[in-house]
Amino acid sequence: MKTFHEGEAGQKNVMAIWKQLLTICLLAALAYGGYEGYNRYILAADQSSDGSAKGPRTRQTIVETAFAETATLRQTVEAVGTTRALQSIDIVPEAEGRIVDLAITPGAMVEKDQVLVRLDDAIARADLAEAEARLKERGQALNRIRQLRRTNAVAEATLEEAEARKAEAVAQLDRAARRLEERTITAPFSGVVGLSNVDIGARVDQTTMIARLDNLSEVEIEFGLPETLFSKVFKDQPVLASSAAFPDQRFEGRIDAKDSRIDPVSRSFRTRAILPNPDGTLPAGMFVSLELTLSEAEHIVIPEESLVFQAAETYVFVIDNGVASRRPVTTGQRRDGAVAVLGGLEAGEQVAVRGLQSLRDGNPVTVLNAPENPAESSQSSAEGDNT
């Protein structure tokens, strides 16, 4: 009895499997029949409504296209840095004294040798007058001794001593004149003065920082780049700078120099850029973003969406007279949704951008959009100008 029941159970399992297979076959037949019916009747009816002949025909794939065009692609690298004035000093007095004149207006432009600060110089002027009088006295004494020496009325040693005393008086006069000059502070170069830290009447010494003077006709920016770019960075290479403080402005500059060493820790090297700043728009100490152009060249470009990847092959579908043809291509640099085509495609050819999933080589297509061929439009424009 046990054997009989086991045989009966096995037969039931086999029947269940056959039923499942039969159900799957029926569903597959229904799906295939529905697909064929759609292609033969519904799609044909839709096509006939546009004036075409009724009846079964090859299905057209709806695609969107774009034209291959020539564009300039740039290879760039981004960095950040801080602006620094081309020349910058702290205005510090060389002598101790009281300020009697302060010609500093924060943010104002000053010229080279313009007087910025004057200290009380009454004592220095008196010392200078004393030194001038002493020099005059000793000069006259030297002249008298020289006349007496001609008649041997005085010894040679007396003449030498008089000459030494006059030389001493000359040195004292130079020292007094220099001390008087130190009471006046002038601008060593043209630039913009910052906020003043003192007022008229304040007493200052050689440690007092009165204000800062910056030459902002150009600004320097130092930044780091990875060592892999060392051979691609050279003097006078173009660079663009931008700042959050001026969101609508881009500042053009150039590379001024690069360091001869690479940091063994960060594996980077320092680079210095110079930005012209004739209006003084960029102050010193501002954080900026930089974009350095490493190279630029013209390439044929197409949208990235038009590429199809299969195994090790990259290809596009070229649309010509309403028919798609598969075309292998060699690609290069990618930027802003466009890719450079190094081979396999010519400028002005039309490629499919959307609808690629159901597109096959040799399929007839219907172009949903109607993009303008840039090559033809430029030619028409040139002919119109000639006319």
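Quick one: count up the residues across segment 280-320 that are touching a residue at least 40 places away in the same chain (Cβ under 8 Å), under 25 Å from GLY343 (Cβ atoms) and either surrounded by fewer than 17 Cβ atoms within 10 Å (Cβ to Cβ) or not small (Gly, Ala, Ser) (or both). Don't jump to the end; show me each part of the working.
Quick first cut of segment 280-320, residues touching a residue at least 40 places away in the same chain (Cβ under 8 Å) only: 280, 282-303, 305-306, 308, 317, 319.
Now restrict to residues that are under 25 Å from GLY343 (Cβ atoms): 293-303, 305-306, 308, 317, 319.
Filter again for either surrounded by fewer than 17 Cβ atoms within 10 Å (Cβ to Cβ) or not small (Gly, Ala, Ser) (or both), leaving 293-303, 305, 308, 317, 319.
So the answer is 15.
Need the failing condition index for PRO188 against (1) in contact (Cβ under 8 Å) with a residue 40 or more places away in the chain; (2) in contact with a helix residue (DSSP H, G or I) (Cβ under 8 Å, 6 or more places away or on another chain), just the number.
So the condition that PRO188 fails would be (2).
Listed residues LEU292, LEU342; which is assigned by TED's automatic domain parsing to the domain that holds PRO226, assigned to a strand (DSSP E or B) and out of contact with any His (no Cβ under 6 Å at 6 or more places or on another chain)? Spell out the reasoning first.
Working: LEU342 fails: assigned by TED's automatic domain parsing to the domain that holds PRO226.
Only one candidate passes the filter, namely LEU292.
Can you find, within segment 225-240, the residue that is surrounded by the fewest Cβ atoms within 10 Å (Cβ to Cβ) among those that are assigned to a strand (DSSP E or B) and in contact with an Asp or Glu (Cβ under 8 Å, 6 or more places away or on another chain)? Spell out how you get there, then give the answer.
First, the residues of segment 225-240 that are assigned to a strand (DSSP E or B): 225-226, 238-240.
Filter once more, keeping what is in contact with an Asp or Glu (Cβ under 8 Å, 6 or more places away or on another chain): 238-240.
Details: PRO238: 14, VAL239: 24, LEU240: 18.
This residue is PRO238.
Yes/no matrix, rows are residues, columns are (1) more than 23 Å from THR366 (Cα to Cα); (2) of a type outside the set (A, V, I, L, M, F, W, C):
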site	(1), (2)
PRO303	no, yes
THR314	yes, yes
ASP336	yes, yes
VAL341	yes, no
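Need the failing condition index for GLU252 against (1) farther than 17 Å from GLY280 by Cα; (2) surrounded by fewer than 16 Cβ atoms within 10 Å (Cβ to Cβ); (3) under 41 Å from the mean Cα position of the chain (by Cα), just the number.
Unmet condition: (1).
Looking at VAL204, VAL219, can you tell me which residue is surrounded by 14 or more Cβ atoms within 10 Å (Cβ to Cβ) and within 20 Å of GLU111 (Cα to Cα)? Give the derivation first.
On the way: VAL204 fails: within 20 Å of GLU111 (Cα to Cα).
Exactly one residue qualifies, and that residue is VAL219.
Looking only at segment 110-138, count how many residues are out of contact with any Lys or Arg (no Cβ under 6 Å at 6 or more places or on another chain) and part of a helix (DSSP H, G or I). Break it down stepwise before answering.
Step one: list which residues in segment 110-138 are out of contact with any Lys or Arg (no Cβ under 6 Å at 6 or more places or on another chain), which gives 110-118, 122-123, 125-137.
Next, only the ones that are part of a helix (DSSP H, G or I) stay: 122-123, 125-137.
Here the count works out to 15.
With the checklist (1) in the same structural domain as GLU304 (by TED's automatic domain parsing); (2) in a loop (DSSP other than H, G, I, E, B) in hand, flag the one item GLY107 doesn't pass.
(1)
Yes or no: segment 281-302 includes at least one residue that is modelled with pLDDT of 90 or more, more than 30 Å from GLY107 (Cβ to Cβ) and among the small types (Gly, Ala, Ser).
no
Which condition number does ILE91 fail, the rest of (1) at pLDDT 80 or above; (2) in contact with a helix residue (DSSP H, G or I) (Cβ under 8 Å, 6 or more places away or on another chain) being met?
ILE91 satisfies every listed condition except (2).
If ALA257 satisfies all but one of (1) more than 17 Å from the chain's Cα centre (by Cα); (2) at pLDDT 90 or above, what's the number of the condition it fails?
(1)
Considering (1) buried (at least 18 other Cβ atoms within 10 Å of the Cβ); (2) not assigned by TED's automatic domain parsing to the domain that holds LYS112, say which one ARG261 fails and leave the rest.
Failing condition for ARG261: (1).
The values are calculated or read from the model by the stated rules, or taken from the named source; none is laboratory data. Not measured: the values here are computed from a predicted model. Here the Cβ is made from the backbone with ideal geometry for all residues, glycine too, and neighbour counts use every protein chain on show.
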